[in-house]
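*Asks:* Below is the structure I would like to discuss, written out as structure tokens.
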Amino acid sequence: MMRAMKWLILLSYLIVITFRLWLRRLNLNHLAQHGHQVPRAFEGFVDQDLLSKTTDYTLANSRIGLIESILSDAVLVIFLFGGLLSWYDGWISTLTDSFIGHGVLFVLGLTIAQTFLDIPFSLYRTFVLEERFQFNTSTPKIWFTDLMKSLFIGTALLALVMTGVLSLVQASPDFWWLWVWVFLALITLLLMYLSPVLIEPLFFKFQPLQNEALAERVKRVMGQAGLQIERVQQVDASRRSKHSNAYFTGIGRVKRIVLFDTLLEQMDDDEIIGVLAHEAGHWKLGHIWKRLLAMELVSLAGCWLAWYILGRGGLPGWFGLDHLSFVGQLVLLGFLASLAGFPLTPLSSWLSRRHEWQADRFAVDLTGESRPLSNALVKLSRENLSNLHPHPHYAWFYYSHPPVTTRIARLAGRVSTS
């Protein structure tokens, strides 16, 4: 029975892999058929040469993504079903007898291994692919420094979190699921407060927006939306890439707005206001706290389910293993959770797209016009070489944002309800 369970789980994962590959192939075939067509909203903004470059960029990204995905899937299958997990768990046990120490070393070892597996792909994307399409502005020194900072911060935080989690498991065997959930929720909120002021400045240089007139206009428009903006900042994103973006940081009543310097170069003031009005819509309509609440409810259910399954015993047998440590079984549960959650991907994507439509509508109502946001979306897509021809099935399954051509068409009609 247990042996059959192992093969059933493996078969389920292979089905997921096959479905992902089919969707990717469907999307690329659609691009090959329609990639030469300039969408109506982009006429006058995108010519055939730029459209061809966009197609080449999408294909190049997809190819490296496919190789990375296949390698990652192969390593995961070998690790979970080829006996490496049991060997690794046993090896960690030879290093320490401590329950907490074993868990921390186990997780840190996997994290460092994953980081080194990702290095070749990161190097290729940065210094080959992004360089070829004139996006990269980083240097080997910046790339290496970022890697070391990320590795140090990530391992330090992970070690602290795992120490806290395992201490709670050890101290309260019957109710650890509740205390662990509370602990992780507090960590999440703490990082939302601290990341903008302690972590992000380690990688980027932030300064007040140099365009003071724009900064005052941003504060005024955000004030009309009922949002108190403490600071409007710009960040030197151009030191690493020519890609552009803008985002809100902070939690509670006081917010900060951060604009990439690349975005400031690409857009006029009206378009920037349109983008920020959209982001303000997410805050004002409660999308941020709704997503956070949903995430925490799922986390609570996951913690309880993990406690229940681990308490019943027998989980290692599902994978054909005789014994596995507590943290090793958590790895198995994480894998099973990803399998169970995969069919729910379209629902998550649909909810996210619904929020985007609502934020677009809010931006139009706030500014009184749709043209600035529409123009901003055109420029963002053009400058970032975004795929203008995704297959509808692929977009329905994966896209957290509506396809840009559909989005611009709705903005032209001042955004239909959804």
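Read-outs throughout are calculated quantities, based only on the coordinates presented, and are distinct from any laboratory measurement. None of the values given here were measured: they were computed from a predicted structure. So basically every Cβ, Gly included, is an ideal-geometry build from the backbone, and we count neighbours across all protein chains shown.
*Asks:* Be a star and scan the stretch 49-65 for residues whose amide nitrogen sits under 11 Å from the point 7 Å along the Cα-to-Cβ vector of residue 21.
*Replies:* Label zone hits: none.
*Asks:* By how many degrees, between 0 and 90 and to the nearest 10, does the Cα long axis of helix 48-81 differ from the longest principal axis of the chain?
*Replies:* Relative to the chain, helix 48-81 is tipped by roughly 10 degrees.
*Asks:* If you place +1 on the Cβ of every Lys and Arg, -1 on the Cβ of every Asp and Glu, and leave all else neutral, what size is the dipole of the chain about its Cα centre, to the nearest 20 Debye?
*Replies:* 640
*Asks:* Each residue of the stretch 220-234 in order: what ³J(HN,Hα) in whole Hz does its phi give by Karplus 6.51 cos²θ - 1.76 cosθ + 1.60, θ = phi - 60°, with x for Gly and Pro?
*Replies:* Rounded to whole hertz, the list is 5, 5, 5, x, 5, 7, x, 10, 8, 9, 6, 9, 10, 10, 10.
*Asks:* Along the stretch 92-99, what does the Karplus equation 6.51 cos²θ - 1.76 cosθ + 1.60 (θ = phi - 60°) give for ³J(HN,Hα), rounded to whole Hz, x for Gly and Pro?
*Replies:* Taking θ as phi minus 60°, the curve returns 4, 5, 6, 8, 7, 9, 6, 4 Hz for the stretch 92-99.
*Asks:* Under a crude label model (7 Å from the Cα following the beta-carbon direction), how far is residue 43 from residue 322 in nanometres?
*Replies:* The two pseudo-label positions are separated by 7.3 nm.
*Asks:* Mind listing which chymotrypsin sites (Phe, Trp or Tyr not before Pro) in the stretch 35-114 are in a DSSP loop and have 11 or fewer other Cβ atoms within 10 Å?
*Replies:* Details: sites: 42, 45, 57, 79, 81, 87, 88, 91, 99, 106; in loops: 45.
Here no loop site has a sparse enough neighbourhood.
*Asks:* Next question. Based solely on its DSSP helices, what 222 nm [θ] is calculated for the chain when runs of n ≥ 4 H residues each add -39,500 (n - 2.57) and the sum is averaged over all residues, nearest 500 deg cm²/dmol?
*Replies:* Values: 16 runs with 287 residues, N = 418.
Computed mean residue ellipticity for the chain: -23000 deg cm²/dmol.
*Asks:* Could you run the Karplus curve 6.51 cos²θ - 1.76 cosθ + 1.60 with θ = phi - 60° over the stretch 263-269 and give me ³J(HN,Hα) per residue in whole Hz, x for Gly and Pro?
*Replies:* 5, 5, 6, 8, 10, 8, 4
*Asks:* Over 18 Å between Cα atoms, which of 205/242; 53/379; 219/379; 53/242; 141/205; 219/284 qualify?
*Replies:* Exceeds cut-off: 219/379.
*Asks:* Which of these, 338, 138, 52, has the largest mean-square fluctuation under a Gaussian network model of the chain (Cα springs below 10 Å)?
*Replies:* Maximum among the listed residues: 338.
*Asks:* Note down the magnitude of the dipole of the stretch 349-418 about its Cα centre, charges +1 on Lys and Arg C-beta and -1 on Asp and Glu C-beta and zero elsewhere, to the nearest 20 debye.
*Replies:* Approximately 100 debye in magnitude.
*Asks:* Considering amide H positions built from the backbone, and no H for Pro or chain starts, which residues 5 or more places from residue 138, or on another chain, come under 5 Å of its amide H?
*Replies:* none
*Asks:* Suppose every K and R has +1 on its Cβ and every D and E has -1 on its Cβ; what is the size of the dipole of the stretch 289-418 about the Cα centre, in Debye to the nearest 20?
*Replies:* Its charge dipole is roughly 440 debye.
*Asks:* Please give me, ordered by residue number, the trypsin sites (Lys or Arg not before Pro) of the stretch 7-37 that lie in loop per DSSP and have at most 16 other Cβ atoms within 10 Å.
*Replies:* Working: sites: 20, 24, 25; in loops: none.
Loop-located and lightly packed - none at all.
*Asks:* Related question: Given 0.36 nm per residue, what is the gain on full extension from residue 50 to residue 64 after removing their alpha carbon distance, in nm?
*Replies:* Contour length minus Cα-Cα distance gives 2.9 nm.
*Asks:* Let me ask you something else. How much FRET efficiency would the formula 1/(1 + (r/R0)^6) give for residue 73 and residue 365, where r is the Cβ-Cβ distance and R0 is 60 Å, rounded to 0.05?
*Replies:* On the way: r = 45 Å, r/R0 = 0.75.
Taking R0 as 60 Å, the efficiency between residue 73 and residue 365 is 0.85.
*Asks:* Taking the structure as given and computing Cα Rg over 2.2 N^0.38 Å, which label from [x] 1.08; [y] 1.26; [z] 0.97 fits?
*Replies:* [x]
*Asks:* Within the stretch 327-418, list the trypsin sites (Lys or Arg not before Pro) lying in a DSSP loop whose Cβ has at most 14 other Cβ atoms in a 10 Å radius.
*Replies:* Values: sites: 353, 354, 361, 379, 382, 407, 410, 414; in loops: 414.
Sites meeting the loop and neighbour criteria: 414.
*Asks:* Still on this structure, I have one more. Select from 267, 148, 162 the residue whose mean-square fluctuation is largest in a Gaussian network model of the chain (Cα-Cα springs shorter than 10 Å).
*Replies:* Residue with maximal mean-square fluctuation among 267, 148, 162: 148.
*Asks:* May I ask what percent, to the nearest 5, of DSSP beta bridges between residues of the chain are antiparallel?
*Replies:* Details: 8 of 15 bridges.
For the chain, the DSSP antiparallel bridge percentage is about 55.
*Asks:* Oh, and also: Figure the gain on full extension for residue 231 and residue 199 (residue separation times 0.36 nm, minus the Cα-Cα span) and round it to one decimal in nm.
*Replies:* In short, 9.8 nm is gained.
*Asks:* Using a ≥ b ≥ c from the Cα gyration tensor of the stretch 120-247 (square roots of the eigenvalues), is it rounded, prolate or oblate, where a/c under 1.5 gives rounded and otherwise the larger of a/b and b/c decides, a/b for prolate?
*Replies:* Taking the square roots of the gyration eigenvalues as a ≥ b ≥ c, the stretch 120-247 is oblate.
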